[in-house]
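Reviewing the structure listed below.
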Amino acid sequence: MKHFTSIADVNDVNQLVEQAISFKANAFQPELRKGKKVGLVFLNPSLRTRLSTQVAAQNLGAEAIVLDIGKDGWALEFEDGKIMNGDKAEHIREAAAVMGRYFDVLGVRTFPSLTDKATDYSETLLQSFLKHAGIPVLSLESGTRHPLQSLADLMTIKEHWTKDRKPKVVLTWAPHIKALPQAVPNSFAEWMMHADVDFSITNPEGYNLAPEFREGVSVYHDQAAGLAGADFVYVKNWSAYEAYGQVLSQDESWSFGNDQLALTNNAKVMHCLPVRRGLVIKDEVLDSANAIHLDQAENRVYAAQSVLNELLK
Amino acid sequence: MKHFTSIADVNDVNQLVEQAISFKANAFQPELRKGKKVGLVFLNPSLRTRLSTQVAAQNLGAEAIVLDIGKDGWALEFEDGKIMNGDKAEHIREAAAVMGRYFDVLGVRTFPSLTDKATDYSETLLQSFLKHAGIPVLSLESGTRHPLQSLADLMTIKEHWTKDRKPKVVLTWAPHIKALPQAVPNSFAEWMMHADVDFSITNPEGYNLAPEFREGVSVYHDQAAGLAGADFVYVKNWSAYEAYGQVLSQDESWSFGNDQLALTNNAKVMHCLPVRRGLVIKDEVLDSANAIHLDQAENRVYAAQSVLNELLK
Amino acid sequence: MKHFTSIADVNDVNQLVEQAISFKANAFQPELRKGKKVGLVFLNPSLRTRLSTQVAAQNLGAEAIVLDIGKDGWALEFEDGKIMNGDKAEHIREAAAVMGRYFDVLGVRTFPSLTDKATDYSETLLQSFLKHAGIPVLSLESGTRHPLQSLADLMTIKEHWTKDRKPKVVLTWAPHIKALPQAVPNSFAEWMMHADVDFSITNPEGYNLAPEFREGVSVYHDQAAGLAGADFVYVKNWSAYEAYGQVLSQDESWSFGNDQLALTNNAKVMHCLPVRRGLVIKDEVLDSANAIHLDQAENRVYAAQSVLNELLK
């Protein structure tokens, strides 16, 4: 594995999940990647990703160094050919290349603008790091995907599923007051399409994901129909893809509560966190035995450890 | 010891102090708690606590990871049952539980509001972490106490006291331009009440500490009377407890200088830092051999190391 | 070596450079300074210095702890004898002394005011740390010098020079939109004056460096004359020293491009970064094989490692 920016970078998804599960049973192996250097660059705030990736690196004996660009450093220029006489102090060509000289792996978190679909979906920022860093790049969430989250999600489903048949996994939209990225639902859909599950999506009209993230997937605009018989429900808000970045609905009838849960096959309920209680998922569900969001969060450590172990080979 | 949030959590105070003194003589023992993970969450800025606790963890072979909530992360919701449609992105129920999955010990710094006495003195924020983290919690200063400071203070008194009799220890109020928490004086009083010392307090009228932090302790409103014959003087500003959080006096006659020192038994002068020179303690005292504030600061490392060593057992 | 704040602190420059080159060949030696503690205090933002010094410390088995004063901590008072009743919460006397108790080496980054020449050139801030820390102090750039950069620069020249004769090294001014410190050019000049090179400077009228940083050095106000026959060109903007801190010119004819390069002996082109592309150096040069700015940045790790190795002895 050269980089880790989407499922397409992974040779063997099952092996990666098995490795993550194995690390969960035996996490601290400091001789494995001893002395390796991991840079973690955040262009946006983070709690779980920052902490879990640091812990994962430490478990491997590697050293993680965190840099908050814009706060610890300064604003970066991503456009080529410009005369830099504005507010940007450094070009990504130098910033990425220098970090490529300091580290063995470079983790990068970027967010989409949610205003310019073409730029966001061409992953301009992430691609600049890939082009100029000269070392393996680890996505800590990008404009359109969050593959470390998806790997942890798949691992969590695997841990919680003991029956012989394929589980039915449903991704459902939920309301939120802000315009959120599509990265988590896109990425979850992409990984589920590759996994041994029966996957479908339910969201209000206007909230269909980009076509490449729902190819061959049933999409229900009636939440009740979508949730019927689900074994796992992934609850998540996202802003519209077609009316790009817009909040078209705050319909609280889509908030996930006991009424929704009752439609499922006593589903396990998932969320990537942070979750707004009462709005996205109701307390009655989050505080029930059906909720496995904390397992997902915990598994972020072992997902990251599994990926770092590969990238630092 | 399950948690460390006040002296009530400590089984054997003397043993903890002796362990700290022993670590000071032999600090670097990286095999002792090798690979253990310590999360340090700051809801407020910190210099000494942040640095000393990181150094303490490293001395034990543990890994400390610092997170500045609100700066590295986001604002947390502490109230239960709310629909989170405002500016808080995550509930303490998830934030604390997730960190509980990542770390072996969770250090937490919170500050009081100084406007709502009931909330501050019920330690709502700290209690939320205790309730939801699921792992040992280490107070890095809370609304009403700063036990790591008090442990370092007690250790410092012990190091500097060689006579056979009990030392006379006096806590004296000093002026300040801002409303400061009562956590340090509360906590110092609490620890001195349990220590083998003769303890009293002197403060202006209106500045009495909460009753539970001065039970059975003589309080003098005449500073000269209070300081007479002191072997150790702890100088500290705090805002009023009764007229909660208010600055009732900025009386500079309470600033601790040579005039005050002359009333004592050539006392050692203590402060937890940061100290405003000239206002709280005068240069003539801080730059004299009587001042032991730097020893207190240094001992923060060994106090934290002693406590972490217990909590990581 | 007791401190590292300028070339005057170095006993044997050649040996320090050789040590840095040796570390580049064999960087990870964690037993060398195992368990030593390095504090890195930033009063200003930093990318390369922060990351390279952390990596250098880790390579030696030492622990680096970063503190952003003013962001992680609070504003410091540097003036003696004041009654601290304003916005400064702590005096450098305590802050530096406390960090001196926690660490084995204290790295400090300060910037000049660019308004008060006397204060900047007397290095008030750095001198306060030197006076009160009580441990070796490592300059991470100060008001008038950036010796870690200069050491990396000298190392880079040595790596790239294979001929028998002395290389001709020219420092050239370039335009910028902001008033920048003189620390990098001052320091580079100081180190070149001590190195086995033929050193000269070219800058517009009014931009002469302080006399002590160009003693015995030829200064050309005609860039073409200054660049003629150069083997290495160090391109850098700085604000005026005489009209202190002012931007007297933004003359883009001094931007370093192919026209300037053509005047040299196919020179290697250097910059300390961050560099504003198009304004300071043109893309045509930065993206050519003549540019060695990334080697300079990489060598920051080994320069820091070489210095830390000495200071931690």
- Scanning the stretch A:27-83 for residues that are over 25 Å from residue B:62 (Cα atoms) and not in a loop (DSSP other than H, G, I, E, B) gives A:76, A:77
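Can you name every residue in the stretch C:236-248 that is in a loop (DSSP other than H, G, I, E, B), at negative phi and either touching a Ser or Thr at 6+ places or on another chain (Cβ under 9 Å) or away from chain A (no Cβ under 14 Å) (or both)?
Selection gives C:238, C:239, C:240, C:241, C:242, C:243, C:244, C:246, C:247, C:248.
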- Within the stretch C:204-253, how many residues are aliphatic (A, V, I, L, M) and free of Cβ contacts under 8 Å to residues at least 40 places away in the same chain? 8
- Report yes if residue C:184 is free of Cβ contacts under 8 Å to residues at least 40 places away in the same chain and among the hydrophobic types (A, V, I, L, M, F, W, C), otherwise no. no
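Can you tell me how many residues in the stretch A:254-282 are surrounded by fewer than 19 Cβ atoms within 10 Å (Cβ to Cβ), of a type outside the set (D, E, K, R) and either without any contact (Cβ under 8 Å) to a residue 24 or more places away in the chain or outside any helix (DSSP H, G or I) (or both)?
Within the stretch A:254-282, residues that are surrounded by fewer than 19 Cβ atoms within 10 Å (Cβ to Cβ), of a type outside the set (D, E, K, R) and either without any contact (Cβ under 8 Å) to a residue 24 or more places away in the chain or outside any helix (DSSP H, G or I) (or both) number 5.
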- Task: State which residue is farthest from the other protein chains (Cβ to nearest Cβ) when the search covers only the stretch A:83-108 and only residues that are surrounded by fewer than 24 Cβ atoms within 10 Å (Cβ to Cβ) and in contact with a Gly (Cβ under 6 Å, 6 or more places away or on another chain).
- Result: A:100
- Message: Can you pull out every residue in the stretch B:124-179 that is aromatic (Phe, Trp, Tyr) and not assigned by TED's automatic domain parsing to the domain that holds residue B:195?
- Response: B:129
- Looking only at residues in the stretch C:4-50 that are surrounded by fewer than 14 Cβ atoms within 10 Å (Cβ to Cβ) and aliphatic (A, V, I, L, M), which one is farthest from the other protein chains (Cβ to nearest Cβ)? C:8
- Condition met for residue C:80 (at pLDDT 95 or above and within 14 Å of chain B (Cβ to nearest Cβ)): yes
- Identity of the residue in the stretch A:196-239, surrounded by fewer than 22 Cβ atoms within 10 Å (Cβ to Cβ) and aliphatic (A, V, I, L, M), that ends up nearest to the chain's Cα centre (by Cα): A:210
- Hey, among C:170, C:184, which residue is of a type outside the set (Asp, Glu), within 18 Å of the chain's Cα centre (by Cα) and surrounded by 24 or more Cβ atoms within 10 Å (Cβ to Cβ)? C:170
- Message: Tell me yes or no: at least one residue of the stretch A:144-162 is among the acidic types (Asp, Glu), modelled with pLDDT of 95 or more and not in a helix (DSSP H, G or I).
- Response: no
- Here are some conditions: (1) at pLDDT 95 or above; (2) in the same structural domain as residue A:304 (by TED's automatic domain parsing); (3) farther than 25 Å from residue A:36 by Cα; (4) not hydroxyl-bearing (Ser, Thr, Tyr). Residue A:111 meets all but one. Which one does it not meet? (1)
- Could you check, for the stretch A:111-129, whether at least one of its residues is assigned to a strand (DSSP E or B), more than 10 Å from chain C (Cβ to nearest Cβ) and in contact (Cβ under 8 Å) with a residue 60 or more places away in the chain? no
- Considering C:269, C:285, which residue is away from chain A (no Cβ under 11 Å) and closer than 23 Å to residue C:145 by Cβ? C:269
- Query: Does residue A:296 satisfy the criteria of being outside any loop (DSSP other than H, G, I, E, B), within 11 Å of another protein chain (Cβ to nearest Cβ) and under 25 Å from residue B:79 (Cβ atoms)?
  - Reply: yes
- Query: Among (1) over 25 Å from residue B:295 (Cβ atoms); (2) modelled with pLDDT of 95 or more; (3) within 14 Å of chain B (Cβ to nearest Cβ), which single condition is residue C:68 missing?
  - Reply: (2)
- Task: Among the residues of the stretch B:240-252, count how many are closer than 17 Å to residue B:187 by Cα and either over 21 Å from the mean Cα position of the chain (by Cα) or exposed (fewer than 13 other Cβ atoms within 10 Å of the Cβ) (or both).
- Result: 0
- Query: What tally of residues in the stretch B:130-143 results from selecting those that are free of Cβ contacts under 8 Å to residues at least 40 places away in the same chain, outside any loop (DSSP other than H, G, I, E, B) and either crowded, with 21+ Cβ neighbours inside 10 Å or within 12 Å of another protein chain (Cβ to nearest Cβ) (or both)?
  - Reply: 1
- Among (1) without any contact (Cβ under 8 Å) to a residue 24 or more places away in the chain; (2) not in a helix (DSSP H, G or I), residue B:98 falls short only on (2)
- Message: Checking the conditions here, which among A:34, A:24 is at pLDDT 95 or above, touching a helix residue (DSSP H, G or I) at 6+ places or on another chain (Cβ under 9 Å), charged (D, E, K, R) and not assigned by TED's automatic domain parsing to the domain that holds residue A:192?
- Response: A:24
- The one condition residue B:18 fails out of (1) farther than 20 Å from residue B:137 by Cβ; (2) at pLDDT below 95; (3) within 21 Å of the chain's Cα centre (by Cα) is (2)
- Query: Got at least one residue in the stretch A:84-93 being in a helix (DSSP H, G or I) and small (Gly, Ala, Ser)?
  - Reply: no
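The values are calculated or read from the model by the stated rules, or taken from the named source; none is laboratory data. In this text the structure is predicted, and so the values were computed from the model without any measurement. As a convention, Cβ positions derive from the backbone with ideal geometry for all residues, glycine included, and neighbour counts pool all protein chains shown.
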